[in-house]
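One structure is given below, encoded as structure tokens.
The values are calculated or read from the model by the stated rules, or taken from the named source; none is laboratory data. It should be emphasised that the depicted structure is a prediction, and the values quoted were computed from it without experimental measurement. With ideal geometry, Cβ positions are generated from the backbone for all residues, glycine too; neighbour counts draw on all protein chains shown.
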């Protein structure tokens, strides 16, 4: 269900009561910024023409408090808003709104959980003395209670992993990298395909998608009390959410129906393919990350065992598939000290979350048990890329002069 209502958000409670609209799980809003922009000369608009800042603030806070009162107990509120300058002084509008929640409603209002910086990447070339070009806005993330939807795993990425992830796999979540509190999305300054920006402050579709992904589940209701171009409604519909949008300007409803919905569909067709590809990439990364964690653990344990035994051995690491356990076999015909309980190894195993079972196996048994297995040869300091493949008979029987500077495993990883 998607509804764009041409009405005044001051009537929010009456609208929800009269239309019997259920409680929303998510509110996304970017209200007018005080007496800055004129939206179609509408006499009922909030902000423009309100010369007294406190009057404007009272109206905005009242509407958002009404959103609080009609929303579900696990709801969140994402306020996208900026500071503004008046009489040579910057006014901290986002934080003034939060202060008003506390001053007027104490604990019975929205709780600020996080402040996100939206880096718009491109911006209009307006600047002046003591004023830089404004390239970011604030996203204030509020919750109604401590029990709220926060699907952070749904927006993990691996595209910008640092170059050293292969050598420190234990520092990276196998499910991908969680977003920081700085988001980069370019504002759609040229509208939705007609070469014009028909709404003064349109939301970029990817920004709306990210918030909806984090803060809702399919079937939830999303509310935008200042719907404007209707980006929130358009993306909600494509993501199988319900949505209600309210705006006093009928012109923006026409824009929503004639342009924004069509633009959103074009965006979503492309984006769906990207999402599916990202899921596949993360799945592959998760498998590779676990392999690297095992290989790093084995590499360090092998080096450690060589040191405490004052000798070098042939090591076979046999993977326990679909598990965080790996078996390390020391190929030796004599007694070996297999103690691995030292601080460095313990810390590494705790970080990698890998369990290593260490045992001794004699050469004859090794040749018999692993006769048909392809083994991958790794240097201790390059556990992320095998050097070549070999067979157990070539290792144990021939005992090449450099065989002790490697460990051998059935795990295949080659990252350059």
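Which one of 296, 379 is more than 34 Å from the chain's Cα centre (by Cα) and within 23 Å of residue 163 (Cα to Cα)? Break it down into steps so the answer makes sense when it comes.
Numbers: 296 fails: more than 34 Å from the chain's Cα centre (by Cα).
Of the residues listed, the single one that is more than 34 Å from the chain's Cα centre (by Cα) and within 23 Å of residue 163 (Cα to Cα) is 379.
Go through region 361-384 and report how many residues are touching a helix residue (DSSP H, G or I) at 6+ places or on another chain (Cβ under 8 Å) and part of a strand (DSSP E or B).
Selection size over region 361-384: 4.
Would you mind stating whether residue 61 is at pLDDT 90 or above and within 13 Å of residue 31 (Cα to Cα)?
The answer is yes for residue 61.
Matching residues to (1) touching a helix residue (DSSP H, G or I) at 6+ places or on another chain (Cβ under 8 Å); (2) buried (at least 16 other Cβ atoms within 10 Å of the Cβ); (3) closer than 30 Å to residue 386 by Cβ:
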site	(1), (2), (3)
76	yes, yes, no
100	yes, yes, no
137	no, yes, no
155	yes, yes, no
160	no, no, yes
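Give me a count of the residues in region 232-259 that are part of a helix (DSSP H, G or I) and at pLDDT 95 or above.
Going through region 232-259 one residue at a time, the tally reaches 7.
Listed here are the residues, each with its yes/no results for (1) surrounded by fewer than 23 Cβ atoms within 10 Å (Cβ to Cβ); (2) under 26 Å from residue 150 (Cα atoms).
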position	(1), (2)
205	no, yes
218	yes, yes
232	no, yes
239	yes, yes
244	no, yes
248	yes, no
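Which of the residues spanning region 81-91 are out of contact with any helix residue (DSSP H, G or I) (no Cβ under 9 Å at 6 or more places or on another chain) and either exposed (fewer than 13 other Cβ atoms within 10 Å of the Cβ) or without any contact (Cβ under 8 Å) to a residue 40 or more places away in the chain (or both)?
Step one: of region 81-91, the residues out of contact with any helix residue (DSSP H, G or I) (no Cβ under 9 Å at 6 or more places or on another chain) are 85, 87-90.
Those that are out of contact with any helix residue (DSSP H, G or I) (no Cβ under 9 Å at 6 or more places or on another chain) and either exposed (fewer than 13 other Cβ atoms within 10 Å of the Cβ) or without any contact (Cβ under 8 Å) to a residue 40 or more places away in the chain (or both): 87, 88, 89, 90.
Could you grab me the full set of residues in region 260-291 that are touching a residue at least 12 places away in the same chain (Cβ under 8 Å), within 23 Å of the chain's Cα centre (by Cα) and either within 30 Å of residue 410 (Cα to Cα) or not in a helix (DSSP H, G or I) (or both)?
Matches in region 260-291: 278, 281, 282, 285, 286, 288, 289, 290.
With respect to residue 337, determine if the residue is part of a strand (DSSP E or B) and farther than 18 Å from residue 395 by Cβ.
No, not satisfied.
Rundown of residues vs (1) modelled with pLDDT of 90 or more; (2) touching a helix residue (DSSP H, G or I) at 6+ places or on another chain (Cβ under 6 Å); (3) surrounded by fewer than 17 Cβ atoms within 10 Å (Cβ to Cβ); (4) not assigned by TED's automatic domain parsing to the domain that holds residue 353, yes/no style:
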| position | (1), (2), (3), (4) |
| --- | --- |
| 283 | yes, no, yes, yes |
| 294 | yes, no, no, no |
| 299 | yes, yes, no, no |
| 312 | no, yes, yes, no |
| 318 | yes, no, no, no |
| 326 | yes, yes, no, no |
| 338 | yes, no, yes, no |
| 341 | no, no, yes, no |
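Residue check, residue 254 against (1) surrounded by fewer than 22 Cβ atoms within 10 Å (Cβ to Cβ); (2) out of contact with any helix residue (DSSP H, G or I) (no Cβ under 6 Å at 6 or more places or on another chain); (3) more than 24 Å from residue 156 (Cα to Cα); (4) in contact (Cβ under 8 Å) with a residue 24 or more places away in the chain, all met but one. Which one?
Only one criterion in (1) surrounded by fewer than 22 Cβ atoms within 10 Å (Cβ to Cβ); (2) out of contact with any helix residue (DSSP H, G or I) (no Cβ under 6 Å at 6 or more places or on another chain); (3) more than 24 Å from residue 156 (Cα to Cα); (4) in contact (Cβ under 8 Å) with a residue 24 or more places away in the chain is unmet by residue 254, namely (4).
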